[in-house]
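One structure is given below, encoded as structure tokens.
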Amino acid sequence: MSHMSDSQDLSVTSKAAGVERGQWRWMYEHVLVGSVFGVGFHNLGKFPELTMKNGGSCFLLAYSILAIILGIPLLFLEMSLGQLQRGNCWTVWQIVPLFRGIGLAMVLLSAFLSLYHSALLATSILYLFLSGSAQPWKSCPLPQANMTCISLDQLEMRQATSNESIAYLLGQHSSMHYWKQNLWDVSSGMGDVGSCRPSLVGCLFLIWVMSSFAICKGIISLRKVMYALCILPHVFFLILFFCLATKPGGLDGLDDYLKPSWNIFTNYDVWPVAGQEVLHSLGLCWGVHLTLATYRKDNHRENLRRDTVLVMLANIFGSLCPGFVVAASLGILGKALSLEVVELIGSGSEVIFISFPAAASVTGTPRLYTVLFFLSTTMQGLATQICLLQTISAVIWDKTNQLKWMKKTFVVPAALAMLGFLLSLLLTTQAGIYWITFLETYTLVVSVPFLAVMMCVAILVVGDFRSYLSKVGIKINKDALWFFIICFFGLTLLIAVFILLDACVHFSLPSNNMPGFPPWEPVLGVPVLILAPLCVLGYGAYHLAFKQEGHIMKRCRDATRPRMCRSPYDTDMVDCNQNPIQECFLQEDDAV
């Protein structure tokens, strides 16, 4: 493996395999990309709602505490595993072969996330295009019988009446009408698919094309694209925040948003909610942080702990900024409607596509604010989508590197983009809202905390944890890094188990919160819900039964030891654990 100077595009090329694998040229490029990845549409839509409904600044404090004792250790494990093993979500688990199902679960989870995330991103791009021109959500549709609608463009010039305020609370306003009737033309239920929405299909195609082009040359092209996608959204959100905070009602919205409720610290329900949000907002256990860390230079290993903290802080900052923007905008709308901010806050996608456009319509300069807002959300969402596609592509690149027709790097992302576009077309139909809710609910709630538990068990309980920690710079009984020791072998694992158990006990079917889901919805949802346990336990049983020999204790012992693997840059067989700089690949007879 050869290294080039920092002034050039660092890449490592295997003549035998025909694979070009780049590296981050600058130390902070990985931190920059990792900082924006977790701030996707789930975080943009849910974080403001959770903060306002769970104690304001006290919820943020609980979130920050769990981000330190849960987020930092898990993020460190992901990044260090990628840095040391230099593979992908699948091959890095040669370190503990029995748990290679974790890698399979990560890839499948990223695939499901990319589908519904692309549909939300397509909606954001459509709103961006409309923000600079017609802004159809400001005006009511043509009058219909028995339809009450208040036009938001009329509220800009006057104070709303009490009847109009009530109509807004009931969803009888032009922003809601546009969302349900014009944009989606929502059907009667999940089974009533209807037709695709042409405008969303066009934006969806654009999303997948841009994502595939962004990684057409692997990490080299990804690195160049991400500079704009990682920096500009934060700048735009800061501009929006300061502009909206100076409007009448803006500071009142922030005050309502951050109003503390100290009794939440004794409320059992708040802590698992904050823990789930830490896992989602940092993008943990999706395999992306692990994949991005495989492109770090060898001499960056000593900065792993520092970079982990930087990525976490940047993600928290990226989560807080949209929340402050939404709170200030809802404060302005609340003043116009004489309503409290907590009465206006929506849930999920409603915060992005209904609440903010409605709030911006009464600011006096709605085009400027909606363009900045949807430009920011689109760029952040595109960064997340690209990282998800890169994670899936890396597995296929590394597995099929011997095939001549796969030597061209652009083949894999182009094929994945086409497949992703076709599969996500279902989410652009009249039943798309139901399918998006279905995927978001079933993919995140159980699989993510389960994978967090399994990562801790695989590396720190079953694996050779002393050797592993010494390789990442933590020497037990020698370094004064008791924070990592306590978290790794106590708090982090216990909190992850607590979140997992709470998610299983309190899981609620989408049909309980939203009408339109048929009785057969759980039949499709349960396999997705238990996707991660099926992958981990299923592959573990397969590995013990068919990949090991001897009695059961010997099989279990051998299955937890590092496998011999072949590096694409060396014809010799190397020990994955003792030679972490090499990149691990499956042997030809080890395909599942």
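Before moving on, here are some points about what is shown:
- Within segment 179-236, being open to solvent by 40 Å² or more (accessible area, probe 1.4 Å), touching a helix residue (DSSP H, G or I) at 6+ places or on another chain (Cβ under 6 Å), within 17 Å of Tyr434 (Cβ to Cβ) and assigned to a helix (DSSP H, G or I) holds for no residue.
- Test: residue in segment 112-135 that is polar (S, T, N, Q) and without any contact (Cβ under 8 Å) to a residue 60 or more places away in the chain: yes
- When Gly283, Gly287 are checked against the criterion of being of a type outside the set (A, V, I, L, M, F, W, C), over 24 Å from Ser64 (Cβ atoms) and surrounded by 24 or more Cβ atoms within 10 Å (Cβ to Cβ), a single residue qualifies: Gly287.
- Among the residues making up segment 36-59, those that are open to solvent by 20 Å² or more (accessible area, probe 1.4 Å) and aliphatic (A, V, I, L, M) are Leu50, Met52.
- Scope segment 119-135; condition closer than 11 Å to Thr370 by Cα and either of a type in the set (A, V, I, L, M) or under 18 Å from the mean Cα position of the chain (by Cα) (or both); matching residues: Ser124, Leu128, Leu130
- Of everything listed in (1) assigned to a helix (DSSP H, G or I); (2) open to solvent by less than 60 Å² (accessible area, probe 1.4 Å); (3) more than 24 Å from Ala67 (Cα to Cα); (4) not hydrophobic (A, V, I, L, M, F, W, C), the single unmet condition for Lys247 is (1).
- Checking the stated criteria, Thr441 turns out not to satisfy the condition of being outside any helix (DSSP H, G or I) and either modelled with pLDDT under 90 or open to solvent by 10 Å² or more (accessible area, probe 1.4 Å) (or both).
- The condition of being closer than 28 Å to Tyr442 by Cα and over 25 Å from the mean Cα position of the chain (by Cα) holds for only one of Asn263, Asn267, that being Asn267.
- In segment 1-35, the residues that are modelled with pLDDT of 75 or more and either open to solvent by less than 70 Å² (accessible area, probe 1.4 Å) or part of a helix (DSSP H, G or I) (or both): Gln23, Trp24, Glu29, His30, Val31, Leu32, Val33, Gly34, Ser35
- Checking each residue in segment 154-176 for being touching a helix residue (DSSP H, G or I) at 6+ places or on another chain (Cβ under 8 Å) and part of a helix (DSSP H, G or I) picks out Leu155, Glu164, Ser165, Tyr168, Leu169, Ser174, Ser175, Met176.
- Cβ-Cβ distances below 7 Å connect no pair with a first residue in segment 536-553 that is more than 15 Å from Val96 (Cα to Cα) and touching a residue at least 24 places away in the same chain (Cβ under 8 Å), a second residue that is open to solvent by 40 Å² or more (accessible area, probe 1.4 Å) and hydrophobic (A, V, I, L, M, F, W, C), and a separation of six or more residues or different chains.
- Scanning segment 121-137 for residues that are modelled with pLDDT of 90 or more, open to solvent by 10 Å² or more (accessible area, probe 1.4 Å) and more than 14 Å from Gln380 (Cβ to Cβ) yields Leu126, Phe129, Leu130.
- Filter result for Asp256 (touching an Asp or Glu at 6+ places or on another chain (Cβ under 7 Å) and open to solvent by 20 Å² or more (accessible area, probe 1.4 Å)): yes
- Of all residues in segment 410-436, those that are farther than 22 Å from Ser511 by Cα have Cβ atoms under 8 Å from Cβ atoms of residues that are part of a loop (DSSP other than H, G, I, E, B), 6 or more apart or on another chain, in Phe410/Cys216; Phe410/Lys217; Val412/Thr400; Pro413/Ile215; Pro413/Cys216; Ala414/Cys216.
- Flag if Val326 is in contact with a Leu (Cβ under 9 Å, 6 or more places away or on another chain), over 22 Å from Phe484 (Cβ atoms), part of a helix (DSSP H, G or I) and at pLDDT 85 or above: yes
- Meets criteria (surrounded by 18 or more Cβ atoms within 10 Å (Cβ to Cβ) and touching a strand residue (DSSP E or B) at 6+ places or on another chain (Cβ under 8 Å)) for Thr378: no
- Only one of the numbered conditions (1) in contact with a Gly (Cβ under 9 Å, 6 or more places away or on another chain); (2) surrounded by fewer than 23 Cβ atoms within 10 Å (Cβ to Cβ) is violated by Phe317, and that is (1).
- Filter pass, Leu500 being open to solvent by less than 80 Å² (accessible area, probe 1.4 Å), at pLDDT 70 or above and in a helix (DSSP H, G or I): yes
- In segment 530-553, residue farthest from the chain's Cα centre (by Cα) [restricted to those that are in a loop (DSSP other than H, G, I, E, B) and surrounded by 12 or more Cβ atoms within 10 Å (Cβ to Cβ)]: Gln548
The values are calculated or read from the model by the stated rules, or taken from the named source; none is laboratory data. Just so you know, these numbers come straight off a predicted model, no measurement behind them. Glycine also receives a Cβ, built like all others from the backbone with ideal geometry; neighbour counts cover every protein chain displayed. Just the protein is used for accessible areas: all its heavy atoms, side chains included, with ligands, DNA and RNA removed. Shrake-Rupley method; radii C 1.70, N 1.55, O 1.52, S 1.80 Å.
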